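The values are calculated or read from the model by the stated rules, or taken from the named source; none is laboratory data. Worth saying up front: this structure is predicted, and the values here are computed from it rather than measured. No Cβ is skipped: glycine too gets one built from the backbone with ideal geometry, and neighbour counts run over all protein chains shown. All accessible areas refer to the heavy atoms of the entire protein, side chains included, with ligands and DNA or RNA removed. Shrake-Rupley method; radii C 1.70, N 1.55, O 1.52, S 1.80 Å.
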Amino acid sequence: MAKDLRTYLHQLTEADAQSVRLVDTEVDPRFGITAYASALAEKGDYSALLFNQVKGSELACISNLLTSYDRIAVYLDCEVQDIPRVYGEKLEQPIAPVVIDRSKAKVKETVIEEKDVDLGKLPIPVHNEMDGGPYLSAGVMIIRDPDTGLINAGIYRHQIFNERDMGVWFLGAHHGGLIYKKYKKQGKPAPVAIAIGHHPGFVMGAVSRVQGIGGEYEAAGALMGEALELVQAETSDLLVPAHAEFILEGEILADEDHPEGPFGEWPGHYLGGGSVPIIRITRITHRKNAIFQDIVASSREHLVVGGVPRSGSIYQTVKEVVPSLKTVNVPFYSRMNCYISLHKERDADVKKAAFAALNTEPENLRHIVVVDEDIDVFNGEEVAWAIGTRFDAERDLLVIPQWNGPGGLLPTNWDYNKEGKNTPRMSSAVIVDATKPAPPVMFPKRAVVPRDHVDLADLQALRDLNADEKNRWLEKP
């Protein structure tokens, strides 16, 4: 059986039966879906949520699915600390997709013709308080480069304008935007398809740092561990994932824009917007009992989905210049930071590693913290401890002025005034060297219990105190 969203849900619930929760009551797509995720997050609960009664729709919606690195480790079949290495190594071995017959493509089970297209019937959420309307947040837009014929895939934000039209917001050098401009220059509409609901390997393959235009299908295959199965689209020559939950087909109009936003982006603020190109949807295909997949915008899930692929790409790049790299972490709670652990053979290793990371993700990374291999970069307490004991600000802090910007999604890349107008500006990045001096310098050893004695501890012998033991050792208040 080909991997898809449902095979992953089965794998996830096999690993943790409590990981997916059903919301069996009617919810309003305007804030109702994201309200459940927010309410659980306040209690430290990040369960995936399956909604089977979304007001105005007959279709189910799953949200809050990819909220932890543990859930990524499930599909990559590795430990959390090995995610960047495994992710990076998989991307080095791309797997080409395969095309299957239409009769075998589950996404073709239901076909909605152009005259019946109504985006309002899909359970598309309004995520946050000031959002300009419903947004697709987990849709993978597929577009073909008219010059090379290569297919590019990526996740963009799509505001729903009416029953047939939505926007697409391109930032900077997004490959999808570069391809769209080629069609626009020719005065032609750009055929596109948007895949919604698939295996996380496909979703993250679409946002991986693949060099050049195209390659996302191959990256998805590598992350899924099998060839991604594709099928011919209904209205164009695009090849689309055969086992997605939904495929929305249409075209980006050549000369029509629409005001867009605001939308709460991954840094947790409202930036971006303006006028954007319009996508007109002319066909929808979906599976029977289709599940609409949503990523909770400006939330932990948003950060995980973006952070993991970047960790993998950074691992690859840093490993090339500093072979003694142990691992990296772009933490889910702050995608602007990157923690790097390595075995420092020379003092120059720190700057080499840090600049490799910054050049891999120049528009988003702001703080690079480099630590020794004995520090677990997936444990924020250990990173903070290393900064407190192995970092001297006068000697070990490097500020890089005007590193990223101007403008973009990070609030520090803008100047603000009392009239509420924003002016784009450049902002800085920093490198924090929280490592011990390189050999042969001797540095105080860390106080630890001997590993062999820790391994001998019989944790199975632990139990709660009984009544007699409480009376013997505990005083009553």
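Using the heavy atoms of the protein chains and a 1.4 angstrom probe, tell me the accessible area per residue for the stretch 244-391 in square angstrom. Walk me through the intermediate numbers first.
Details: 5070 Å² over 148 residues.
I get 34 Å² per residue for this part.
Of all the Cα-Cα pairs you can form in the stretch 408-477, what percent are over 13 Å apart? Before the final figure, lay out each step's value.
Working: 2000 of 2415 pairs.
Tail of the P(r) past 13 Å holds 83 percent of the pairs.
Where a ≥ b ≥ c are the square roots of the eigenvalues of the C-alpha gyration tensor, would you call the stretch 244-291 rounded, which needs a/c under 1.5, or, failing that, prolate if a/b is larger than b/c, or oblate?
Values: a/c = 4.34, a/b = 1.38, b/c = 3.15.
The shape class here is oblate.
Just to be sure I follow the rule: in the stretch 276-423, considering lysines 8 or more places apart or on different chains, how many pairs have Cα atoms under 17 Å apart? Write out the running numbers ahead of the final one.
Details: Lys319/Lys344; Lys319/Lys351; Lys319/Lys352; Lys326/Lys344; Lys326/Lys351; Lys326/Lys352; Lys344/Lys352.
Final tally of qualifying lysine pairs is 7.
Local charge sum around Arg164 (other residues, Cβ-Cβ under 9 Å, Lys/Arg +1, Asp/Glu -1)? The partial results should precede the final answer.
Working: positive: Arg280; negative: Glu114, Asp118, Glu163, Asp165.
Result for the neighbourhood of Arg164: -3.
Cross-chain or 8 or more residues apart, Cα under 17 Å: how many lysine pairs in the stretch 1-112 fit that? Count them up, please.
Numbers: Lys3/Lys90; Lys3/Lys104; Lys3/Lys106; Lys3/Lys108.
Lysine pairs meeting both conditions in the stretch 1-112 amount to 4.
Determine the relative contact order of the stretch 1-100: mean sequence separation of Cα pairs under 8 Å and six or more apart, normalised by residue count, in whole percent. Don't jump to the answer; show the numbers that get you there.
Values: 101 pairs, mean separation 21.3, N = 100.
Reported relative contact order: 21 percent.
Sort 396-407, 356-367, 103-114, 276-287 for me by packing, meaning the mean count of neighbouring Cβ atoms within 10 Å per residue, highest on top.
Values: 396-407: 14.3, 356-367: 18.5, 103-114: 15.8, 276-287: 22.5.
With the highest mean Cβ count within 10 Å placed first, the list reads 276-287, 356-367, 103-114, 396-407.
Counting each DSSP H run of 4 or more residues in the chain as -39500 (n - 2.57), what helix-only mean residue ellipticity at 222 nm follows after dividing by all residues, to the nearest 500 deg cm²/dmol?
On the way: 13 runs with 128 residues, N = 477.
Estimated from H runs of four or more residues: -8000 deg cm²/dmol.
Could you point to the residue in Ser68, Gln402, Ala290 farthest towards the positive end of the chain's charge dipole, with +1 and -1 charges on the Cβ of Lys/Arg and Asp/Glu respectively?
Projecting each Cα onto the dipole axis, the largest value belongs to Gln402.
I'd like to check one number: the per residue accessible area of the stretch 396-447, probe 1.4 Å, reported in Å² as a whole number.
Numbers: 3310 Å² over 52 residues.
Spelled out: the 1.4 Å probe surface of the stretch 396-447, per residue, equals 64 Å².
Quick one: of the DSSP bridges fully inside the stretch 1-83, what percent are antiparallel, nearest 5?
Numbers: 3 of 8 bridges.
Antiparallel bridges make up about 40 percent of those DSSP assigns within the stretch 1-83.
Where the accessible area of the chain is counted over protein heavy atoms with a 1.4 Å probe, how much of it, in %, is carbon and sulfur?
Details: 11430 of 22620 Å².
About 51 percent, which is the carbon plus sulfur part of the accessible surface.
In the chain, what percentage of the DSSP-assigned beta bridges are antiparallel, given to the nearest 5?
Values: 56 of 78 bridges.
Of the beta bridges lying entirely in the chain, close to 70 percent run antiparallel.
Packing-wise, with mean Cβ within 10 Å as the measure, how do 232-242, 300-310, 58-68, 42-52 rank, highest first? Provide the component values of the computation, followed by the final result.
Values: 232-242: 19.6, 300-310: 23.7, 58-68: 22.2, 42-52: 16.5.
Packing proxy ranking, top to bottom: 300-310, 58-68, 232-242, 42-52.
Would you mind working out the magnitude of the charge dipole of the chain relative to its Cα centre, with +1 at each Lys and Arg C-beta and -1 at each Asp and Glu C-beta, to the nearest 20 Debye?
Details: 51 positive and 68 negative charges, 141 e Å.
I would put it at about 680 debye.
In a solvent-free Debye calculation with one equal scatterer on each Cα, what is log10 I(q)/I(0) for the stretch 300-382 at q = 0.12, 0.20, 0.24 Å⁻¹, listed in the order of the q values?
Each listed q corresponds, in turn, to -0.29, -0.81, -1.15.
How much accessible area per residue does the stretch 4-155 have, counting only protein heavy atoms and a probe of 1.4 Å, in square angstrom?
Details: 7260 Å² over 152 residues.
I get 48 Å² per residue for this part.
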